[in-house]
Amino acid sequence: MSPASRPTERPVAELQTLRLPMWNVVVWNDPVNLMSYVVWVFRTLLGHSREEATRLMLEVHHRGRAVVASAPREHAEMNAYRLHHHGLWATLEEG
Amino acid sequence: MSRFTAAGQKVLVALEPEEVAVLSRLPALLGSVGAAWDDPAQDRLNPEAYPGDLIASREFSRLTEKELTEARSADRERFADTLHRLRERPVLHSVEAAAWVRVLGEARLVLAARHGVLGGGPAAAEDDPPESVDLVELTEPPPETDPELLLVDYLGSLQDDLVGELLTGMGEGT
């Protein structure tokens, strides 16, 4: 490797130590939204597979909440906003 | 005949005139959210993003409120427009069907919240086992006798049918 290429290695290593903190998007149980609708939202909005979307919906239903996505804060807030647009009770917490 | 039938990227709609009349009330219902200062539907549709952190929650609301209001308004307009032309063109494209699903769900939340069905969320998870949160258990008198809660059930059956067809269109059965 030539000396000229070395400076590009440092930022990569530094970036690895400067990883952005992750935030969890939590969806809470509620007595109105339908199970089928929640699965559809998880499928279309978050891109979960049918199996994962169903598993998360059941976790919300039985345990009261589920972490449905994790991302850097700005991205997590966008997901929470989109879930609110779909009427789901979504909150954010540091991962 | 089913009320919704998936056909590729479209959904065919077959609603009775009485059903269309009922649904035509929904845009006005949703447009009324927040008109009264103590409207419980307002809080239900806009939950705190950061429970226990009022400052962060307010900042989140400040950043998203305008866009969220506009998105909901666009859904209502799309719903009203497509409902109005159902007799001539009983078809929903995927974007229109998604707006229908959201409007039906939002209307259910608004009606339920205004009838005291406010369980769920972080507070309910702390107070009660989630299995105890149930629409039928929380309503008094029983929902079968309350026209507005009957409407919640009816809109739920419509939403469930439409979601089932959309999932079918995604390549999976219900």
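The values are calculated or read from the model by the stated rules, or taken from the named source; none is laboratory data. These numbers come from a predicted model, not from an experiment. Cβ: placed from backbone, ideal geometry, glycine included. Neighbour counts: every protein chain shown.
Before moving on, here are some points about what is shown:
- Filtered by the rule that a residue be of a type in the set (Ser, Thr, Tyr) and surrounded by 17 or more Cβ atoms within 10 Å (Cβ to Cβ), the stretch B:22-60 gives B:50, B:57.
- Residue B:77 being acidic (Asp, Glu) and part of a helix (DSSP H, G or I): yes
- Helices (runs of 4 or more DSSP H) within the stretch B:87-174 that include 1 or more residues surrounded by 21 or more Cβ atoms within 10 Å (Cβ to Cβ) and modelled with pLDDT of 90 or more: B:94-114, B:147-169
- Per-region count, the stretch A:61-78, residues closer than 16 Å to residue B:57 by Cα and crowded, with 21+ Cβ neighbours inside 10 Å: 2
- Selection count where residues are in a helix (DSSP H, G or I) and within 13 Å of the chain's Cα centre (by Cα), scope the stretch A:42-51: 4
- Residue within the stretch B:68-80 that is more than 9 Å from chain A (Cβ to nearest Cβ) and either modelled with pLDDT under 95 or at positive phi (or both) present: no
- The stretch B:1-17, residues that are outside any strand (DSSP E or B) and either aromatic (Phe, Trp, Tyr) or under 17 Å from residue B:107 (Cβ atoms) (or both): B:3, B:15
- Residue match in the stretch A:20-29 (condition: closer than 30 Å to residue B:154 by Cα, at the interface with chain B (Cβ under 10 Å from one of its Cβ atoms) and out of contact with any helix residue (DSSP H, G or I) (no Cβ under 7 Å at 6 or more places or on another chain)): yes
- Remark: pairs (first residue in the stretch B:42-54, more than 7 Å from chain A (Cβ to nearest Cβ); second residue assigned to a loop (DSSP other than H, G, I, E, B) and of a type in the set (Gly, Ala, Ser); Cβ separation under 6 Å; 6+ apart in sequence or on different chains) = B:42/B:34.
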